[in-house]
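Have a look at the structure below before the remarks.
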Amino acid sequence: MTQTARRQFLRFLAASPLALAPTWPFTSQSGPPKVSLEGALDVFDLEAAAQAALPPSHFGYLATGTDDEQTLRANREAFGRYQLRVRRLVDVSAVDVSTTLFGETFDSPLALAPIGSLRAFHPDGELAAARAAQARRQLQIYSTVASVPVEQVNEARGSAVWYQLYPTDDWNVGKALVTRAQQAGCRVVVLTVDAMGNNRLTQERAARADSRPCQACHMVQGPRYFVTRPMFAGLDLARATRLAPLDWTWDYVKRLRDHTSMKIVLKGLVTREDAELAVTHGVDGVIVSNHGGRSEESGRGAIESLPEVVDGVARRVPVLVDSGFRRGTDVFKALALGATAVCIGRPYVWGLAGFGEAGVTKTFDLLERELQLIMRQAGTRRLADINASFVLDRGGWRAGTIQNTPRPSLP
């Protein structure tokens, strides 16, 4: 990136709502500090490394929310709503953070959320993320619009990823994508249901500070960039104009269920009503998500949506959550509120952009260390010990049906 482009981007940041976000670790005057992999103390240091390494449009894609970015900020600010009650005089010399989902055991409840076009951030892209996930035995959710075919990612990981599905508005395309994922060995399909359109102004402004064409990377212009993604190779895309239909209903879930034997997880649910409907329609799991503040402008943090979704599924299926997680204490709060696992998005891409595979591993290291620290401080030896009795809502007891009950054993 040229010095001129850098100055243009930093001027843009100073005028952006993002400049006020608590996640931004440096000022537009000073620029990002130079951070080494070994010197990174938390994931915000990895963010600074990514900003220094990436051209404006690529970092703008990572940084963007939608509209005024209220939801982007709310995802971080909402964690301040919840306080922790910690216990003393508990033997926490050994802490176990492993968890099990659909019969597969992972070393921690941290999962890689699906993010497309990872080769825009590092040449190794999804393969670097897969190798890091394999080494740490972490869950990885692969994006439909990834820059590497799912077969290669599964090979690099040594086992199958969960396959996130953007089915497009042509069912035949969606059906073909699901068939390919299942043939590649994927056991879980994650249907994203909140991609109904957005207004990513930060991304658009960042692109103006970048002289390089970037449409193929991040859909800066036009909705059909998915035709360049390897998962769509060889498919008839004549009738596909969107990544997700605008007219789909719960009947789409039935159609998907009839087509595949994979477990079905819905990503993007934020209300009790939809959680109840998901279970009614035979969904195997849900991910509470507002797409990191990139899809909807509700002004509500994902962690605030989590309790009602947990209540809605009533322990019948596992609940995962993403959007805004940056600290081990954030993860602990989500587990206490009923989540089985937490999906990490931007932080691992910051690590990838700055340092490749080692940066993804560093993301796991930092967050898992912080999670283990708060577990010891709270007197919890394993994830099953973490429950709603450890959380206060704005200084008072949190209302809800899961209050003071142990976390369930889920399939």
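Projected area of region 79-391, taken from the Cα convex hull and averaged over every viewing direction, in nm²?
15.7
In straight Cα distance, which lysines are under 19 Å from residue 362, not counting same-chain residues fewer than 8 positions off?
34
Would you mind checking the pairs 254/333; 263/333; 175/263; 175/254 and listing those with alpha carbons more than 23 angstrom apart?
Details: 254/333 33 Å; 263/333 27 Å; 175/263 15 Å; 175/254 13 Å.
Too far apart for the 23 Å limit: 254/333; 263/333.
Give, in nm to one decimal, the length gained when the segment between residue 137 and residue 254 is fully stretched (0.36 nm per residue of separation minus the Cα-Cα distance).
Residue separation times 0.36 nm, minus the Cα-Cα distance, leaves 38.9 nm.
Expressed as a rounded percentage, what relative contact order does region 79-391 have, with Cα pairs under 8 Å and six or more residues apart?
23
Taking the mean number of other Cβ atoms within 10 Å as a proxy for protection, how do you rank 232-242, 356-366 from highest to lowest?
Result, highest mean Cβ count within 10 Å first: 356-366, 232-242.
If the chain between residue 389 and residue 85 were fully stretched, how many nm would it gain, using 0.36 nm times the residue separation less the Cα-Cα distance?
Computed gain between residue 389 and residue 85 is 108.7 nm.
For region 34-103, what is Rg from Cα atoms divided by 2.2 N^0.38 Å, rounded to two decimals?
My calculation over the Cα atoms of region 34-103 gives 1.65.
If each of residue 102 and residue 365 carries a label point 7 Å out from its Cα toward its Cβ, how far apart are those two points in nm?
3.1
So who's got an amide H within less than 5 Å of the one on residue 269, skipping anything under 5 residues away but keeping other chains? H placed 1.01 Å off N, in plane.
Result for residue 269 returns 287, 289.
Between residue 246 and residue 279, how many nm apart are label points set 7 Å from Cα along the C-beta direction?
Calculated label separation equals 3.4 nm.
Starting from the 7 Å offset along Cα-to-Cβ, what nm value, one decimal, do you get for the label separation of residue 92 and residue 271?
Going by the 7 Å Cα→Cβ label model, 3.8 nm.
FYI, it's all coordinate maths here, none of it is from the lab. Everything quoted here is computed from the prediction, not taken from an experiment. Using ideal geometry, Cβ is built from the backbone for each residue, glycine included, and neighbour counts are taken over all protein chains shown.
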